[in-house]
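Here the structure is laid out as structure tokens; the discussion comes afterwards.
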Number of protein chains: 2
Amino acid sequence: MKRVLITGCSGFLGRHLVDLLGGDSQYRLFGLTDVEDDVIPGVEIRHLDIRDRESLFSAIDAWKPQQVFHLAAITNVGFSWTHQQLTYEVNFMGTLHLLEALVRSVPHSRVLVMSSAEIAGLDVQQTPEGPQLFIRSPYALSKAAMEMLASLFIAEGNLTVVPVRAFNFTGPGQGEQFVASDFARQVARIEAELAPPVIQVGNLSARRDFSDVRDMARYVAAAGFYGENGRLMRLGSGRVIEIGQILDTLLSLSRVPIRVEVKPERFRPLDIPELKGDCPILHKEMGLSPRYSLEQTLSDLLDEWRGKVRGDKKV
Amino acid sequence: MKRVLITGCSGFLGRHLVDLLGGDSQYRLFGLTDVEDDVIPGVEIRHLDIRDRESLFSAIDAWKPQQVFHLAAITNVGFSWTHQQLTYEVNFMGTLHLLEALVRSVPHSRVLVMSSAEIAGLDVQQTPEGPQLFIRSPYALSKAAMEMLASLFIAEGNLTVVPVRAFNFTGPGQGEQFVASDFARQVARIEAELAPPVIQVGNLSARRDFSDVRDMARYVAAAGFYGENGRLMRLGSGRVIEIGQILDTLLSLSRVPIRVEVKPERFRPLDIPELKGDCPILHKEMGLSPRYSLEQTLSDLLDEWRGKVRGDKKV
């Protein structure tokens, strides 16, 4: 059995990756989470914060994973603006701790390092004094620094490191601080008469590549097991939509009429107008493509919120 | 009087900047150092580690500096390879703490953020999956991350942030872990018959722009006081030499004949063959140029080591 570790196993993507790999008897699954008392059937879990270097070293040394999916991260761009220190400590220093622990305890292991298409927020401007670096968010900075860090370990040659950049993804289980889930929750609350029939939104014109989280878990698994050392892979659907299209789809799924209200305070500073790019390795070399339509994804997400707000209503 | 803070005031460059500004009655000097018990006449000092966020916040709040020279850093590339965590915590997280402390306590202050020409070790390679980031050393990574961090604070607009990239510099006071000082120390020890007449060297063909540290202190002062918000400045002499030329100059200054021995273990991984670049703002706009010749710099450095090893001999 292959010893597979998922960091951030309680997270949105982590859960779906556990669902995907958990049924397969060729994998023995280990998980790291900072969610206290979280229990996931089929996964041997340690509860620790990857900022805690010593605990992480001891977990890696005890488990000696052959394949690591490093998903543990602060993933929300807005949150990263108000929690810069935490974002860098988790996303950047946490990755350092993990890679150093792997070099020490399992030097020939494979590790997928999860970066983000938000890295497009790194802008290298040519000036007479040389190329100057600008970045658009603490989150993008943490991921750019993490990719540079990965490049040092790739050069060192002990580990097999697969750096991947995920485009946006959504679906059941996503936290309400992300745009699609936020909209779906508002719709469900309005349907349940827990809120007035007005949905509050930010920038609807930003364009993003949205995948279903269950498709993203398939892409991540393929990249982790089959990606090449040091070869960057993008993970996405290849279809780019406006945020407004997510809103329109959810409004069309709503059981009640809803009015839209644009709130400037919901706009993010330094937002990137469009994030798109091909994923030739994923789509052409590996032959992977989306199984979920945007409608299906959003319908599943809305159904999940309908169930959750039913609980709110009882209280 | 202008309230001027120098972080890393006990460091190589910090000391020389104190020397430069200390005599000027228009400045009230404050200094941060992690060197225990260090006392510098004319400077109000606090002994703290900039990784210690709370102590740093309290120092900044007490002093409310109008002008900051942020020099505190791990500065040795070789050391950064064996001390990655420390390098990132000091150079990157330490800068975060400082900038956040300034925003909170002195929101309209000016801060010079000291980066390095080693940032040329950031290589953005175009791939079919997008631009991939490679970096050549933990030190270069820490400085690239620090520059990106500075760009966030520049965009935010509270502070005036002047990002500078220094080329190499040397001269009296430099630690022996840096190449010119290492060579000078070896020559002085050989002259004093503390070592056999063989000097051990690494890569002599690397080409670098070397300034005298006293010139560099002038450049840093000018950039700090007069540099524009967010406008990157390079600081250097404009003359590029081979490391071998430093060795040759020191050998010509030696009082005894010395044999040269190339040691492969003294080569750095992923070394950059040449670091050069114009400094148009410094040289043309500000009209600053070197006052020290390379010979003078190395002669002063060697004289200092001659004095120091005389102490070794007595012991």
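General remarks:
- Taken over the stretch A:68-102, the residue count meeting the criterion of being within 17 Å of B:M146 (Cα to Cα) and aliphatic (A, V, I, L, M) is 4.
- Residue satisfying all of: in the stretch B:254-280; more than 14 Å from every other protein chain (Cβ to nearest Cβ) and crowded, with 16+ Cβ neighbours inside 10 Å; nearest to B:R306 (Cα to Cα) among these: B:S254
- If you go through the stretch A:51-103 and keep only what is among the charged types (D, E, K, R) and within 14 Å of chain B (Cβ to nearest Cβ), you end up with A:R51, A:D52, A:R53, A:E54, A:E89, A:E100.
- Every listed requirement among (1) under 28 Å from A:R15 (Cα atoms); (2) assigned to a loop (DSSP other than H, G, I, E, B) is met by A:E193 save one, (1).
- Candidate set from the stretch A:1-28 (those that are assigned to a helix (DSSP H, G or I) and more than 13 Å from the chain's Cα centre (by Cα)); member that is nearest to A:T75 (Cα to Cα): A:V18
- Checked against (1) modelled with pLDDT of 95 or more; (2) in a loop (DSSP other than H, G, I, E, B); (3) basic (K, R), B:K276 passes all but condition (1).
- Test: residue in the stretch B:283-298 that is within 14 Å of chain A (Cβ to nearest Cβ), surrounded by fewer than 18 Cβ atoms within 10 Å (Cβ to Cβ) and without any contact (Cβ under 8 Å) to a residue 12 or more places away in the chain: yes
- Some residue of the stretch B:246-266 being among the aliphatic types (A, V, I, L, M) and part of a loop (DSSP other than H, G, I, E, B): yes
- Selected residue (criterion: farthest from the other protein chains (Cβ to nearest Cβ)) from residues of the stretch B:141-176 that are over 14 Å from A:Q132 (Cα atoms) and of a type in the set (S, T, Y): B:T170
- For the stretch A:120-129, a tally of residues being facing chain B (nearest Cβ under 9 Å) and either farther than 27 Å from B:E228 by Cβ or buried (at least 17 other Cβ atoms within 10 Å of the Cβ) (or both) returns 3.
- Taking each residue of the stretch B:163-187 that is without any contact (Cβ under 8 Å) to a residue 24 or more places away in the chain and looking for partners that are part of a loop (DSSP other than H, G, I, E, B) and among the acidic types (D, E) with beta-carbon atoms closer than 6 Å, six or more apart or interchain, yields B:D182/B:E176.
- Among residues of the stretch A:71-90 that are more than 18 Å from A:G121 (Cβ to Cβ), those with a Cβ under 6 angstrom from a residue that is among the small types (G, A, S) and assigned to a helix (DSSP H, G or I), sequence gap 6+ or separate chain, pair up as A:L71/A:G14.
- Selected residue (criterion: modelled with the lowest pLDDT) from residues of the stretch B:185-203 that are surrounded by fewer than 21 Cβ atoms within 10 Å (Cβ to Cβ) and among the small types (G, A, S): B:G202
- Of all residues in the stretch A:233-253 being more than 14 Å from chain B (Cβ to nearest Cβ) and either basic (K, R) or in contact with a Lys or Arg (Cβ under 8 Å, 6 or more places away or on another chain) (or both), the one that is nearest to A:R185 (Cα to Cα): A:I243
- For beta carbons closer than 6 Å, sequence separation of 6+ or different chains, a first residue in the stretch B:141-159 that is closer than 12 Å to B:E100 by Cβ and assigned by TED's automatic domain parsing to the domain that holds B:V68 and a second that is part of a helix (DSSP H, G or I) and among the aromatic types (F, W, Y), the qualifying pairs are B:L159/B:F153.
- Qualifying residue in the stretch A:43-50 (condition: assigned to a loop (DSSP other than H, G, I, E, B), touching a helix residue (DSSP H, G or I) at 6+ places or on another chain (Cβ under 7 Å), surrounded by 15 or more Cβ atoms within 10 Å (Cβ to Cβ) and within 14 Å of chain B (Cβ to nearest Cβ)): yes
- Among (1) more than 19 Å from the chain's Cα centre (by Cα); (2) under 30 Å from B:M233 (Cβ atoms); (3) assigned to a loop (DSSP other than H, G, I, E, B) - the single one B:S299 does not satisfy: (3)
- Subset of the stretch A:104-119 that is at pLDDT 95 or above and within 14 Å of chain B (Cβ to nearest Cβ) - its residue that is nearest to B:W81 (Cα to Cα): A:R104
The values are calculated or read from the model by the stated rules, or taken from the named source; none is laboratory data. Because the structure is predicted, anything quoted here is derived from the model rather than measured. For neighbour counting, all protein chains shown are included, and Cβ atoms are generated from backbone atoms with ideal geometry for every residue, glycine included.
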